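The values are calculated or read from the model by the stated rules, or taken from the named source; none is laboratory data. In this text, all values refer to a predicted model and were calculated from it rather than measured experimentally. Every residue, glycine among them, receives a Cβ derived from its backbone with ideal geometry; neighbour counts consider all protein chains shown. Calculation scope for accessible area: heavy atoms of the full protein, side chains included, ligands and nucleic acids excluded. Shrake-Rupley method; radii C 1.70, N 1.55, O 1.52, S 1.80 Å.
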Amino acid sequence: MPIQMNPAQIIISIVLFMVLFFGIGFIVNMLLRSSWVPAVVYPFIVVLIVDRVHMYEYITNFNESIVSLGTRLTGLQPVDIAVLSAGFLGAVTAGIVIRILRVKGYQMF
């Protein structure tokens, strides 16, 4: 049975994930000088958040781990998808902002 969330909690969660991953993405982009690393790494972070299988089981028990991951991903509620999508949007926005700042002449580290 899904847990009921207050609309205020949903809005705060969406904004929090977006700001959190924008900030993390911005810092990673500054340090690594690569605009899209957080956006590429984000799906792996989602797998860590959603899946309850240990990472070593993807090596030792690959087929069952992938089936478990697929089951967990298809079982996400629309609210969960919205929150996770907001995090991805924040990571992509960080890449766009860093790229714009570099074009305008700002040097980060």
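Of all the criteria given as (1) surrounded by 12 or more Cβ atoms within 10 Å (Cβ to Cβ); (2) out of contact with any helix residue (DSSP H, G or I) (no Cβ under 6 Å at 6 or more places or on another chain); (3) aromatic (Phe, Trp, Tyr), the one not satisfied by residue 56 is (1). Look at (1) surrounded by 12 or more Cβ atoms within 10 Å (Cβ to Cβ); (2) modelled with pLDDT of 90 or more and you find that residue 8 fails only one, number (1). Determine whether residue 102 is out of contact with any Gly (no Cβ under 9 Å at 6 or more places or on another chain), surrounded by 11 or more Cβ atoms within 10 Å (Cβ to Cβ) and on the phi > 0 side of the Ramachandran plot. Considered against the rule, which asks whether it is out of contact with any Gly (no Cβ under 9 Å at 6 or more places or on another chain), surrounded by 11 or more Cβ atoms within 10 Å (Cβ to Cβ) and on the phi > 0 side of the Ramachandran plot, residue 102 comes out as no.
Could you say whether any residue in the range 3-17 is among the hydroxyl-bearing types (Ser, Thr, Tyr) and farther than 20 Å from residue 97 by Cα? Yes, the conditions are met somewhere in the range 3-17. Sub-7 Å Cβ pairs linking a first residue in the range 28-50 that is more than 27 Å from residue 103 (Cβ to Cβ) to a second residue that is open to solvent by 40 Å² or more (accessible area, probe 1.4 Å) and of a type in the set (D, E, K, R), at least 6 apart or interchain, are 50/72, ordered by first then second residue.
Identification of helices (runs of 4 or more DSSP H) wholly contained in the range 1-79 with 1 or more residues that are of a type in the set (Lys, Arg) yields 62-74.
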